[in-house]
Structure formats: C-alpha cells, structure tokens
Amino acid sequence: MDPIIFLDNAATSFPKPESVYVFMDQFYRRSGVNPGRSGYDLCLEAGELLDGTRKSLAAFFNGADPNRLCFTYNATDALNLTIFGILQKGDQAITTTLEHNSVLRPLYHLWKYGGVEVDYVPFDNAGFVDPAEIRRRFRPNTRLVVVNHASNVIGTVQPIREIGRLCREQGIPLAVDASQTAGKVAIDVQRDNIDILIFTGHKSLLGPTGIGGLYVREGITIRHTRAGGTGVRSADRLHLEEYPYRLEYGTPNIMGIAGLKAGVTWILEKGLDSISEHETALTKLLRDKLREIKGVALYCQDDLANHVSVLSFNINGLEASDTGTMLDVDYNIACRTGLHCAPLVHEQLGTAKIKGSVRFGIGPFNTEDHIRAAAKAVAEVAAVADGRRKARPSHGQERPSSK
Ligand SMILES: Cc1ncc(COP(=O)(O)O)c(C=O)c1O
C-alpha cells in the first residue's frame, strides 16, 4: 500500500521535523532530569533548556517578559487555568460559537455550577466574528472575553487585534486560543492587544503532545486554582505568587519542552512566511479542486486571505464518518471527521444533524501530490455516493448545507 497521506494536521502535526525527534532523544538521554531543583550539572542543563525555551517562545510571540510565559500540558490545561483563574460568581464571560470544547466546557461548568453568565457571539456566513458584536455584549460585570484565533473546523482567522482594542477600552482581559495559529500565523501579543495567549505545542509549533502554555500580560491577574511544588522557596506555605511559578505546578515536561524548542527552531529557520505561503497555496489548490466536485459542500472557504490550512466539507448523501472511513481504507488518507470538539460551529452551520464534517488539515510536510491525490479520492467517493443515490430512491436524504 502507498504510504499514508496525512491530512489531519489540525489535530496534531505529523510527522515532526527530523530535528525534533533527534533533539528530544539526545536531550533526554543526556540531561533528562528535573530542572531547577538542584545544583549539579545535568540539572543546570535542564534548567537552561527550560529557561531558553521560555525565552524563545516569549520572543516568538513578542511577549515583553519571558517569565510570564508558563508551560502547561496543552492548550486545554492553559485554558482551564485561565478561565477558572479569572471568572468568579456573578461575572459574565463573552465567547464565540467558534470555540473548541476546551473553552466551551470550562465555561459551561462555571455557568452550571459557578454562577457565571456566558454570552456566545455567532460567526457570520463567511466564518468571522464581528468585533462590534462582541462590544455590544459588554456589561458592567464582563470579566473575560475568550476568542478562538482560528477555527479548527473552518479555518477562519478572527480579527483579534480589533477585538483586543475594544476589550482594552473597557479594561476587559482578552484570552486568545491560538491552538490553530501558533506556528502558522504571526502573533505579536503587544501589537495584537492580547492579554492572555494560549498555545499548544503539538500542532503547528511542531513539538510533541503533552506540552503547551500561556503568556500572561503584566497587569492581568489569574488566581491560583492549583498548588504544588515549584522547586524554589519550598518553605512557603502557599503556592508562589510570581511568574512563571505562579502557573506552573510540579515537575515540568522537560522532554516536551525539548521538542517544542526544536520545533520553534525549525520554524524560525524555515521562516513563518514561507511555511504559511506553502500551506496557503496547498489549501487554495485543495479548495479549488473540491469546489469542482459534484455533491461536495465546503464550509466558509471563500476568503482564504484570513484563513489557516483547515478545510471542512461533506459529500451529499454520506455521513462524514463514512467519507472518512472510505478515504482511510480505500485511499490511505488520514483526516478527521465528526464535530471536531466544536459542537456550536456545527450547530450554526447546520451540520450537527448530519454528524459534522470531514476535515482536512494541511501541514508543512504536505505536498501538491498529496492534495491532488486527496481531491481525486474525494471525487471518486462522491461519484460512488452519487451513483448510489441514483440507484435507489433515497427520499429524505439530508443534503449538506453550504455556507
Ligand atoms: C481551537 C482549538 N482549541 C483548543 C484545542 C485543544 O488543544 P489540546 O488538545 O492540545 O489541549 C484544540 C485542539 O484540537 C483546538 O483546535
């Protein structure tokens, strides 16, 4: 069988650059010990990796103070620290219908059990949230705005700079979920008016799973929702107030941090612009080819100017999971199907009732050949579905809506 065509990079990037595997392996063998806890050489080396990666990432996002970049397990972890560490009973939070469950569920829990109100701003037919609509929802008790920088279903990149500007006018913290953009889209927390930037390491930052983090601007307060070892000032009864310890708990994932460091180094060597150019060209090619296929409905793919390399579609008459199975079994193409942990996107698109969509996520190692093969496979699956529909009277079949 031909090698797998991996088009599930929006879930996690695969493969990683060779340098990521090599550096992780070498680092962990040589100095994979607990950083910052003792004074022996290996420990210092691990500490240097931790601090060096903190500095590289803070610089990558143009954060003014590297110590305010904290490592977590992933974006979900960082979002939980943010949401539970800011909101309290009586507060209102504003978010969007584009969010992932890593935002929606913490907010839902706070709504159900914590006396927090949540307002959900919908996206328009092109897949964008209107900053003015967010402003219209501001109330005296609004304490947090959380916005997905780019949707993991439809790929649209939100106007966060303008949203941030409006939030700043009211002194409301803006948290941006950059899970789908960090490593793909240039992010400058100062220019983009971001108060809390949340990222995950295993997607476009090209690191391994189990590492992520957040950058918190000076002046923003996130309460402790956990406490534990920090390796310093062990006699203190309470968890430390100062960053980065404030939001870091226990032994860090030093191997993950090594991989993240190597991933960011690779991105800097290649250049964010050249990676993004490559992915955008492939996304456009795929979008154009899928558009030509009878029976394929694409969602919010008209404006690729503000878009990451994520495309969602359905084939008329097929559930997304059936399309995904055929692409996998018959063509060895890996994609993601279903609701993609973003149920409100599908409710708004009208695709929830047909169990979501098929998603292609393009990464830096995809090629034009992959895209042509994927488009050809989708065309063949669509032709089979079309043939089946014609062969039997299939009244009542849902037709995917196209927005
Ligand atoms: C937009 C978005 N937010 C949050 C997450 C959660 O990331 P992680 O699973 O790394 O915590 C994802 C991952 O799919 C995502 O796409």
- Query: Could you list, in sequence order, the residues of the stretch 297-333 that are surrounded by 22 or more Cβ atoms within 10 Å (Cβ to Cβ) and either of a type in the set (Val, Ile, Thr) or in contact with a His (Cβ under 7 Å, 6 or more places away or on another chain) (or both)?
  - Reply: Val308, Val310, Ile315, Thr323, Ile333
- Query: In the stretch 106-157, what count of residues is obtained for those that are of a type in the set (Gly, Ala, Ser) and touching a residue at least 60 places away in the same chain (Cβ under 8 Å)?
  - Reply: 5
- Mind checking which residues of the stretch 354-379 are in contact (Cβ under 8 Å) with a residue 40 or more places away in the chain and part of a helix (DSSP H, G or I)? Ile354, Glu368, His370, Ile371, Arg372, Ala373, Ala374, Ala375, Ala377, Val378, Ala379
- Query: For Lys390, which of the numbered conditions (1) part of a helix (DSSP H, G or I); (2) under 30 Å from Gly263 (Cα atoms); (3) open to solvent by 60 Å² or more (accessible area, probe 1.4 Å) fails to hold?
  - Reply: (2)
- Task: Name every residue in the stretch 366-386 that is among the polar types (S, T, N, Q) and either open to solvent by less than 40 Å² (accessible area, probe 1.4 Å) or within 19 Å of Gly317 (Cα to Cα) (or both), in order of residue number.
- Result: Asn366
- Give the residue that is farthest from His307 (Cα to Cα), with candidates limited to residues of the stretch 72-85 that are open to solvent by less than 20 Å² (accessible area, probe 1.4 Å) and more than 11 Å from the ligand (Cβ to nearest atom). Gly85
- Query: When you scan the stretch 129-160, how many residues do you find that are over 17 Å from His346 (Cβ atoms) and touching a strand residue (DSSP E or B) at 6+ places or on another chain (Cβ under 8 Å)?
  - Reply: 17
- What number of residues within the stretch 209-234 satisfy the criterion of being more than 11 Å from the ligand (Cβ to nearest atom), surrounded by 20 or more Cβ atoms within 10 Å (Cβ to Cβ) and in a loop (DSSP other than H, G, I, E, B)? 1
- Scan Asn125, Asn193 and give me the residue that is more than 16 Å from the ligand (Cβ to nearest atom), over 29 Å from Leu268 (Cα atoms), modelled with pLDDT of 95 or more and outside any helix (DSSP H, G or I). Asn125
- Being within 16 Å of the ligand (Cβ to nearest atom) and in a strand (DSSP E or B) is the filter; apply it to the stretch 94-120 and report the residue that is farthest from Asn193 (Cα to Cα). Tyr120
- Residues located in the stretch 128-137, provided they are more than 16 Å from the ligand (Cβ to nearest atom) and either farther than 22 Å from Asp303 by Cβ or of a type in the set (Val, Ile, Thr) (or both): Ile134, Arg135, Arg136, Arg137
- Task: Looking only at the stretch 50-68, decide whether some residue is among the aromatic types (Phe, Trp, Tyr) and either open to solvent by less than 10 Å² (accessible area, probe 1.4 Å) or within 16 Å of the ligand (Cβ to nearest atom) (or both).
- Result: yes
- Task: Quick one: in the stretch 165-197, of everything that is over 20 Å from Thr142 (Cα atoms) and in contact with a strand residue (DSSP E or B) (Cβ under 7 Å, 6 or more places away or on another chain), which residue is surrounded by the fewest Cβ atoms within 10 Å (Cβ to Cβ)?
- Result: Val185
- Query: So how many residues does the stretch 196-208 have that are in contact with a Gly (Cβ under 8 Å, 6 or more places away or on another chain) and away from the ligand (no atom under 12 Å from the Cβ)?
  - Reply: 2
- Note down all Cβ pairs under 8 Å where the first residue falls in the stretch 294-308 and is among the small types (Gly, Ala, Ser), the second is part of a helix (DSSP H, G or I), and they're at least six residues apart or on different chains. Gly295/Ala382; Gly295/Ala385; Gly295/Asp386
- Task: Of all residues in the stretch 26-73, count the ones that are among the β-branched types (Val, Ile, Thr) and in a strand (DSSP E or B).
- Result: 1
- Task: Specify the residue that is nearest to the ligand (Cβ to nearest atom); the eligible residues are those in the stretch 9-28 that are of a type in the set (A, V, I, L, M) and buried (at least 19 other Cβ atoms within 10 Å of the Cβ).
- Result: Ala10
- Message: Being within 30 Å of His202 (Cα to Cα), more than 13 Å from the ligand (Cβ to nearest atom) and in a loop (DSSP other than H, G, I, E, B): is that true of Val153 here?
- Response: no
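The values are calculated or read from the model by the stated rules, or taken from the named source; none is laboratory data. If you're wondering where the values come from, they're calculated on a predicted model, not measured in any experiment. Note: ideal-geometry Cβ built from the backbone for every residue, glycine included; neighbour counts use all protein chains shown. Accessible surface is based on the protein model in full, side chains and every heavy atom, while ligands, DNA and RNA are left aside. Shrake-Rupley method; radii C 1.70, N 1.55, O 1.52, S 1.80 Å.
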